[in-house]
């Protein structure tokens, strides 16, 4: 007899245009889904081009970080809960309550940034990992970097499953020219928040190195500038302003338009728990360059197949990856075709299938029914 579809209650921070398609794919598989958001989309996110998501789909609600939110879902005891970590006291309280009530739950998160705060909170992580091991069904890792961290928390490897972020394909082909026309010089793109964590300073220095050998290369930086014009001034000082364009914030619904203008997406972050822009660029058939501090880089980039991974902070390695596309103008298109192939394993539909497989494998098997022979 076929197993009944799981009934889920997913707790997550805010509504996003990334996750909405994944939730739709879960419902399309017949999964009974409830989503509790801990807060509304804040002004910072709205300033990045996100939407407010005021009208939520049925089954999704703004619940707030309170245990009283459980009352909004009358059958919460019959659902499997997915919890996004330990970062709030409320989430630890929720995991503790579910464990005491013997309600099944799983952890789901990215890897954390390995800086001082991460080391200071390691005892909390170990405690939380013990809770997952003893009371939870397991942990869903947003990438191999997250999996490695879960192991350090003490979560057994056989209780960890891979569940990345997934986005739908962006519309339209990449590039303004037709597929038959050659790329004379690569157009590099950064899309995201312009800040130190994203490695914008490193990218500008690498671009200077690239232009010294390939003066026709171009770089576009799209997103909110946290430097208050500092990066544009840095481009002037580096004498590369003629080849670098700052295009500001783009609405999330227009990301495909930005991607179609360029050939290679670069994400040089010093840390990125995942990096959804790599999903979006892969879905648009772009070649990819990213640091190995990005969770998605270990899954959406096959090194020298559809792009390049470089060590965090290594300007020379970043510049070398960019120059590979300058020396071989057709390489970006060939790598872009491979990105499309890789993307097929990261669609919302594939991710919904992946989650259902994880749930089936992590739930304890029902007790065997033994027949009793009557004399």
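The values are calculated or read from the model by the stated rules, or taken from the named source; none is laboratory data. As the structure is a computational prediction, the values presented were derived from the model and not from experiment. Counting neighbours? That spans all protein chains shown, and the Cβs are built from the backbone with ideal geometry, glycine included.
Side notes on the structure shown:
- Of 146, 166, 141, all but one fail to be within 12 Å of the chain's Cα centre (by Cα) and more than 20 Å from residue 23 (Cβ to Cβ); the exception is 146.
- Those residues of segment 114-130 which are under 25 Å from the mean Cα position of the chain (by Cα) and modelled with pLDDT of 90 or more, in sequence order: 125, 126, 128, 129
- Residue match in segment 152-159 (condition: modelled with pLDDT of 95 or more, part of a strand (DSSP E or B) and either in the same structural domain as residue 241 (by TED's automatic domain parsing) or within 24 Å of the chain's Cα centre (by Cα) (or both)): no
- Restricting attention to segment 225-277, the residues that are part of a helix (DSSP H, G or I) and either in contact with a strand residue (DSSP E or B) (Cβ under 6 Å, 6 or more places away or on another chain) or farther than 27 Å from residue 331 by Cβ (or both) total 14.
- In segment 284-298, the condition of being closer than 20 Å to residue 141 by Cβ, assigned to a helix (DSSP H, G or I) and under 15 Å from the mean Cα position of the chain (by Cα) is met by at least one residue.
- Residue tally, condition surrounded by 15 or more Cβ atoms within 10 Å (Cβ to Cβ) and within 22 Å of the chain's Cα centre (by Cα), over segment 221-236: 5
- Qualifying residue in segment 354-371 (condition: at pLDDT below 95, farther than 30 Å from residue 136 by Cβ and part of a loop (DSSP other than H, G, I, E, B)): yes
- Residue in segment 9-18 that is on the phi > 0 side of the Ramachandran plot, at pLDDT 90 or above and in contact with a strand residue (DSSP E or B) (Cβ under 6 Å, 6 or more places away or on another chain) present: no
- Among the residues examined, residue 58 does not qualify as surrounded by 19 or more Cβ atoms within 10 Å (Cβ to Cβ) and at pLDDT below 95.
- Test result for residue 39, part of a loop (DSSP other than H, G, I, E, B) and either modelled with pLDDT of 95 or more or exposed (fewer than 15 other Cβ atoms within 10 Å of the Cβ) (or both): yes
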